[in-house]
1. Is it the case that the range 85-97 has a residue that's outside any loop (DSSP other than H, G, I, E, B) and either at pLDDT 90 or above or crowded, with 16+ Cβ neighbours inside 10 Å (or both)?
2. On the basis of being within 19 Å of residue 201 (Cα to Cα), of a type in the set (Ser, Thr, Tyr) and buried (at least 16 other Cβ atoms within 10 Å of the Cβ), does residue 305 make the cut?
3. Is it the case that some residue within the range 313-334 is over 26 Å from residue 67 (Cα atoms), out of contact with any helix residue (DSSP H, G or I) (no Cβ under 9 Å at 6 or more places or on another chain) and either charged (D, E, K, R) or free of Cβ contacts under 8 Å to residues at least 24 places away in the same chain (or both)?
4. Collect the residues in the range 215-234 that are in a helix (DSSP H, G or I) and of a type in the set (A, V, I, L, M), keeping them in residue-number order.
5. Find the residue count for the range 102-121, including only residues that are part of a loop (DSSP other than H, G, I, E, B), without any contact (Cβ under 8 Å) to a residue 60 or more places away in the chain and under 21 Å from residue 61 (Cβ atoms).
6. Against the conditions (1) surrounded by fewer than 18 Cβ atoms within 10 Å (Cβ to Cβ); (2) closer than 19 Å to residue 59 by Cβ; (3) of a type in the set (Lys, Arg), where does residue 383 fall short? Just the number, please.
7. Looking at the range 55-84 only, could you name the residues that are at pLDDT below 95 and either in a loop (DSSP other than H, G, I, E, B) or in contact with a strand residue (DSSP E or B) (Cβ under 6 Å, 6 or more places away or on another chain) (or both)?
8. Could you please tell me which pairs satisfy a Cβ distance under 8 Å, a separation of 6+ or placement on different chains, a first residue in the range 31-52 that is at positive phi, and a second residue that is modelled with pLDDT of 90 or more and surrounded by fewer than 22 Cβ atoms within 10 Å (Cβ to Cβ)?
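The values are calculated or read from the model by the stated rules, or taken from the named source; none is laboratory data. Everything numeric in this text was worked out from a predicted model, so none of it was measured. Every residue, glycine as well, gets a Cβ built from its backbone with ideal geometry; the counts of neighbours run over all protein chains shown.
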Amino acid sequence: MRISKTCIKALTLAFGLCCTFTLIISPAARAQNAPRYKLDGDWPKMLPINWTIQAVTGMFADKNDHIWVLNRPRDLDKTENFAMLTPPTAECCVPPPAVLEFDIEGNLLKSWGVPASVPGWPGSEHTIFTDKEGNVWIGGAKAGDTLLKFTPDGKFISEFGHRGPASAGDDNSQQKQDNQQTTLLLRGVAAAELDQDVHELYIADGYLNKRLIVLDSETGAFKRGWGAYGISLSEIDNEPLPPRAPGAPLAKQFREPVHCVRISHDGLVYVCDRGGDRIQVFTKQGKFLKEFPVANNSGSGTVGSISFSPDPQQKYIYVPDMMDSVVWILNRSDGAVAGRIGHSGHGPGQFHGLHVATMDSQGNLYTGEVTTGKRIQKFVPIK
């Protein structure tokens, strides 16, 4: 990939430098008419003074093309080097609320949610989505976390699922996996997808377990679940697998974390096996159909989330890859690489700790970073 810098405009979100890039993909990808993108350096607009976005763990584009961002306020480390901005004092940086809503132009519309603001607030905020009524659901990936439902303004509505035992600090390591458990007890939610027409909630139960489960979204009753290749819950090994070595054969079980779940227009269920460097595709009943290895030689952790292109056929899949600091553009038909966006770095249009992405109905792609990235960016298709 070659990057052409067309202009340098002003300051970035993190350090104050921002520019617009034309991302030029390979001739082979161009031959497939793969989409091309440029960075929108003006998105989002200026945030309230001293706000410093923290690790971005969830993003969702709603029916109005509003972008919901979930970040972890407790990740703020005031010992980090903010020398380019101001001496690191108590006033230099303030974490924003956990939930941020932006419009397509980058204006901040709403912000709400702080740890412990309601009973059961996640210990590790990790996923966000909205339903057809505009209600906002958030969940966490830590032991004891479940799903919470709010109005768009942040008024608490209800808790979904009984909370399991919490873990001390950020440590989930002492929590034993229980992939066979089917009672209404969520032990942490990596991601979720709501199939509202049939009242079903698909949950990537992938930080404390390694499975996908489907619950009744009205009652919470367990309906079905499966592991890698569609194996039954009874066949899932409750012992964690070691990290995957680069180029190693694909495992017979999911590796932790099972990081996302998305449903396509044609009713197929796509599951991110981030630890296994692959996407697996199923019917809604859990029948395995196919899998797409993603950057198979990189090691453990290449599939962060899945977004579909906005065309009716959803021709492309967009996959943020934390290991390689790139968004892969894959053909949905066969998983072949059609293009890519970005590369490693902290500059505009680059990624560090690339964790999640979402796409709006206009084909704009929004990305979120964790670790030292801690920012959101918008990429606009080149017409």
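1. From the range 85-97, those outside any loop (DSSP other than H, G, I, E, B) are 94; that's our starting set.
Remaining after also requiring either at pLDDT 90 or above or crowded, with 16+ Cβ neighbours inside 10 Å (or both): none.
Looking through the range 85-97, none of the residues is outside any loop (DSSP other than H, G, I, E, B) and either at pLDDT 90 or above or crowded, with 16+ Cβ neighbours inside 10 Å (or both).
2. Numbers: within 19 Å of residue 201 (Cα to Cα): yes; of a type in the set (Ser, Thr, Tyr): yes; buried (at least 16 other Cβ atoms within 10 Å of the Cβ): yes.
Yes.
3. Looking only at the range 313-334, we keep the residues that are over 26 Å from residue 67 (Cα atoms), and these are 333-334.
Among the residues that remain, those that are also out of contact with any helix residue (DSSP H, G or I) (no Cβ under 9 Å at 6 or more places or on another chain) are: 333-334.
Subsequent filtering for residues that are either charged (D, E, K, R) or free of Cβ contacts under 8 Å to residues at least 24 places away in the same chain (or both) retains 333-334.
Yes, some residue in the range 313-334 is over 26 Å from residue 67 (Cα atoms), out of contact with any helix residue (DSSP H, G or I) (no Cβ under 9 Å at 6 or more places or on another chain) and either charged (D, E, K, R) or free of Cβ contacts under 8 Å to residues at least 24 places away in the same chain (or both).
4. Listed by number, the residues that qualify are 228, 233.
5. Here is the first cut: in the range 102-121, the ones part of a loop (DSSP other than H, G, I, E, B) are 103-107, 113-121.
Filter once more, so that each one left must be without any contact (Cβ under 8 Å) to a residue 60 or more places away in the chain: 103, 113-121.
Still in the running and under 21 Å from residue 61 (Cβ atoms): 103, 113.
Counting residues in the range 102-121 that are part of a loop (DSSP other than H, G, I, E, B), without any contact (Cβ under 8 Å) to a residue 60 or more places away in the chain and under 21 Å from residue 61 (Cβ atoms) gives 2.
6. (2)
7. Within the range 55-84, the subset at pLDDT below 95 is 73-84.
Across the range 55-84, the qualifying residues are 76, 77, 78, 79, 80, 81, 82, 83, 84.
8. Every condition considered, no pair remains.
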